[in-house]
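I have placed the structure first, in the form of structure tokens, so that the comments after it can refer back to it.
The values are calculated or read from the model by the stated rules, or taken from the named source; none is laboratory data. Bear in mind that the values here come from a model prediction, so they are computed numbers and not experimental data. With ideal geometry, Cβ positions are generated from the backbone for all residues, glycine too; neighbour counts draw on all protein chains shown. Accessible surface areas use protein heavy atoms only, side chains included; no ligands, DNA or RNA. Shrake-Rupley method; radii C 1.70, N 1.55, O 1.52, S 1.80 Å.
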Amino acid sequence: MKKLVMLLICVLASLPAFGQKSPDWLKAAVFYQIYPSSFQDSDGNGIGDLKGIQSRLDYVQSIGVNTIWLNPIFKSAFIDGGYDVIDYYQVDPRFGTNSGLVELVNEVHRRKMHIVLDLVAGHSSNQSEWFKQSMQADSNLQYSDYYIWAPNKPNDLSEQDASRWVEANAPRAKYYIKNYYDAQPALNYGFAHPDPKHPWEQAVDAPGPQAVRRELQNIITFWLEKGVDGFRVDMASSLVKGDPDKAATIALWKDLTGWFRGKYPEGVLIAEWFNPKQSIAAGFDVDFMRPGKLTSANERGSATPAKVYFAKAGEGSPADWEAYFKDQYESTVGKGYTSLPTGNHDQPRIAGEDRKDPAELKVLLAFLLTQPGIPLIYYGDELGMKYIANSPDVEGSRNRSGSRTPMQWDGSEDAGFSSSSKDKLYIPLDPDPNRPTVAKQDKDPNSQLNYVRGLLKLRKSAAALDNEGGLEFLSDVAQPYPLVYMRHKGNEKYVIAINPTNKSVEAKIVSQSAHRAIYSFGTTETSSYKTGNGVDTIQLPPVSAAVFKLE
Ligand code: NOJ
């Protein structure tokens, strides 16, 4: 008996990340991100709300997604679209009430779906009670050390650090450190290497930073106990200051995610980190990846526009992507999930003036929705809703408003989003009279919406194509078009071939030793896959994508 127990312990201990396992439901998760102010207005004030979202759940489910992520819905001053939270324990009245949220959660669960909220962990609003108290001269109050206060600004700060110092002239001190806008004072998780000459740099285990950590646990507990399935954590990678290698931030998250996993084995934590290697090691279940030059010309930090891979001109290369993805994916496979989104509330949408041909969008979607990890559809991308350049700056959106325009449901004046007058809409609608809508696309078998539904159905039907199916790049990066890769699990194999260019292309790849390759899905059946002796040949017409099953 004793031997058996020992054996069992050994077996369990040898399992990967024993005790830290993500919940099983993530294996088949497909995310749908909703920007709550822009999805559906139920009370006619021109701004979306929770009741509105609830009324659209059947549609959301019909796409084939099963996990909703809502951008912040907590009481906010809306200086940064809700990412400036005044009260983490209250739904903002614009969106509804706490009990309204519970109702939404229950409705989501009734449909066997999941819902995660957005946890703005790095900073609060400067209007929060915590910050107001922290500003007071007395530095021994409950929230005094929730923020980073300093009497003077050192001269030797890097340009980036210096830009985070806000002159407040508060009774407490002259300066505080912010994260993004001035109205977003950074919460104090401490400094990785506190400099004794800088008394405001507290250690991560000092009482203030430890209290903030506990507050985060309280917030998580509060909402998980109400049935919420987890959180996407805003700016998860930058909580500890002065931590370039992220060691202290990873240690902080290991502590929190270990606690979380023990308490909520079915809950999920998704990082906004953009580095799955680090975030998954920190215990997160999922992290996002940036598509970079694959889809967008203006990568952050690059002065010269890159040659985009997904463009008809065919001047890009998938080489950088392959290297980056392979590295991230291979170091996290079996431990957590990467997620390559179609878009988000911070980036230009995949559809816009530079990519408006529906065929092009279908090619790109074939790629995005056949990747391993957890797919994410940003609301409206399933229809081809466009990034609307020059949309007005609303609540700190700056040029991000172009990706936050109201969801396009039907052909009515407000596109079915609201019953308010047009001038009251949160952000103006896409002005194009032919803008895509759910009503137009729902019954059209060739619509983008039904194409997305088809891709997600295929993904669900084949283990090789699901979140955990393997990935192997087959095409030669030296010949960038088409991009050919394989998804596999056990004996099941699918080959996906992608041609964003306006030319017919051919790829010769090492024979996959299949008897035949069957066209399963794509933009046109005129593509072909010929199995050969030593070499397989794939041909694709211009702007096309095809998924072949090998048998
Ligand atoms: C990332 C969020 O996605 C973005 O919308 C926000 O402005 C910043 N974090 C600051 O919270």
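Considering 22, 38, 62, 76, the condition of being among the small types (Gly, Ala, Ser) and open to solvent by 40 Å² or more (accessible area, probe 1.4 Å) is satisfied by 62 alone.
When the stretch 132-155 is filtered for residues that are polar (S, T, N, Q) and open to solvent by 20 Å² or more (accessible area, probe 1.4 Å), the ones remaining, listed by number, are 133, 136, 139, 140, 142, 152, 155.
For the stretch 476-502, taking the residues that are over 27 Å from residue 450 (Cβ atoms) and in contact (Cβ under 8 Å) with a residue 40 or more places away in the chain, the one that is least open to solvent (accessible area, probe 1.4 Å) is identified as 480. Number of residues in the stretch 370-400 that are under 17 Å from the mean Cα position of the chain (by Cα) and farther than 22 Å from residue 328 by Cβ: the value is 5. Of the residues 176, 180, the single one that is among the hydroxyl-bearing types (Ser, Thr, Tyr), open to solvent by less than 30 Å² (accessible area, probe 1.4 Å) and not assigned by TED's automatic domain parsing to the domain that holds residue 104 is 176. You will find that of 506, 472, the residue that is over 31 Å from the mean Cα position of the chain (by Cα), in a strand (DSSP E or B) and either modelled with pLDDT of 95 or more or of a type outside the set (Val, Ile, Thr) (or both) is 506 and no other. Each residue in the stretch 108-131 was checked for being more than 22 Å from the chain's Cα centre (by Cα) and either within 16 Å of the ligand (Cβ to nearest atom) or buried (at least 16 other Cβ atoms within 10 Å of the Cβ) (or both), and 6 pass.
For residue 369, work out the one condition from (1) touching a helix residue (DSSP H, G or I) at 6+ places or on another chain (Cβ under 6 Å); (2) within 15 Å of the ligand (Cβ to nearest atom); (3) closer than 23 Å to residue 321 by Cα it doesn't fulfil. Among (1) touching a helix residue (DSSP H, G or I) at 6+ places or on another chain (Cβ under 6 Å); (2) within 15 Å of the ligand (Cβ to nearest atom); (3) closer than 23 Å to residue 321 by Cα, the lone unmet condition for residue 369 is (2). Summed over the stretch 332-358, the residues that are within 20 Å of residue 292 (Cβ to Cβ) and outside any loop (DSSP other than H, G, I, E, B) give a count of 8.
Of the residues making up the stretch 230-239, at least one is outside the structural domain of residue 180 (by TED's automatic domain parsing) and at positive phi. Condition test on residue 425, is it farther than 29 Å from residue 540 by Cβ, of a type outside the set (Val, Ile, Thr) and surrounded by 15 or more Cβ atoms within 10 Å (Cβ to Cβ)? Yes. Of all the criteria given as (1) of a type outside the set (Ser, Thr, Tyr); (2) without any contact (Cβ under 8 Å) to a residue 24 or more places away in the chain; (3) open to solvent by 40 Å² or more (accessible area, probe 1.4 Å), the one not satisfied by residue 203 is (3). Across the stretch 372-394, the number of residues qualifying as within 16 Å of the ligand (Cβ to nearest atom) and closer than 17 Å to residue 64 by Cβ comes to 3. A single entry from 267, 227 fulfils the requirement of being at positive phi and in contact (Cβ under 8 Å) with a residue 40 or more places away in the chain: 227. Look at residue 436 and say whether it is in the same structural domain as residue 80 (by TED's automatic domain parsing) and either among the β-branched types (Val, Ile, Thr) or under 25 Å from the mean Cα position of the chain (by Cα) (or both). Considered against the rule, which asks whether it is in the same structural domain as residue 80 (by TED's automatic domain parsing) and either among the β-branched types (Val, Ile, Thr) or under 25 Å from the mean Cα position of the chain (by Cα) (or both), residue 436 comes out as yes. Return a yes/no flag: does the stretch 88-98 have any residue that is assigned by TED's automatic domain parsing to the domain that holds residue 240, within 16 Å of the ligand (Cβ to nearest atom) and either buried (at least 17 other Cβ atoms within 10 Å of the Cβ) or assigned to a loop (DSSP other than H, G, I, E, B) (or both). There is at least one residue in the stretch 88-98 that is assigned by TED's automatic domain parsing to the domain that holds residue 240, within 16 Å of the ligand (Cβ to nearest atom) and either buried (at least 17 other Cβ atoms within 10 Å of the Cβ) or assigned to a loop (DSSP other than H, G, I, E, B) (or both).
This table checks each residue for (1) over 23 Å from residue 271 (Cα atoms); (2) among the hydrophobic types (A, V, I, L, M, F, W, C).
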site: 70; (1), (2): no, yes
site: 80; (1), (2): no, no
site: 88; (1), (2): no, no
site: 112; (1), (2): yes, no
site: 116; (1), (2): no, yes
site: 125; (1), (2): no, no
site: 128; (1), (2): yes, no
site: 131; (1), (2): yes, yes
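Among the residues of the stretch 310-325, just one is at pLDDT 95 or above and aromatic (Phe, Trp, Tyr), namely 310. Select from the stretch 395-409 the residues that are more than 12 Å from residue 80 (Cα to Cα) and surrounded by fewer than 24 Cβ atoms within 10 Å (Cβ to Cβ) and write down the one among them that is farthest from the ligand (Cβ to nearest atom). Ranking the qualifying residues of the stretch 395-409, first place goes to 409. Kindly indicate the residue of the stretch 333-353 that is of a type in the set (Gly, Ala, Ser), more than 16 Å from the ligand (Cβ to nearest atom) and touching a strand residue (DSSP E or B) at 6+ places or on another chain (Cβ under 6 Å) and also farthest from residue 26 (Cα to Cα) among those meeting that condition. This residue is 352. Of all residues being part of a helix (DSSP H, G or I) and within 16 Å of the ligand (Cβ to nearest atom) in the stretch 220-260, which is surrounded by the fewest Cβ atoms within 10 Å (Cβ to Cβ)? Just the residue, please. The residue in question is 238.
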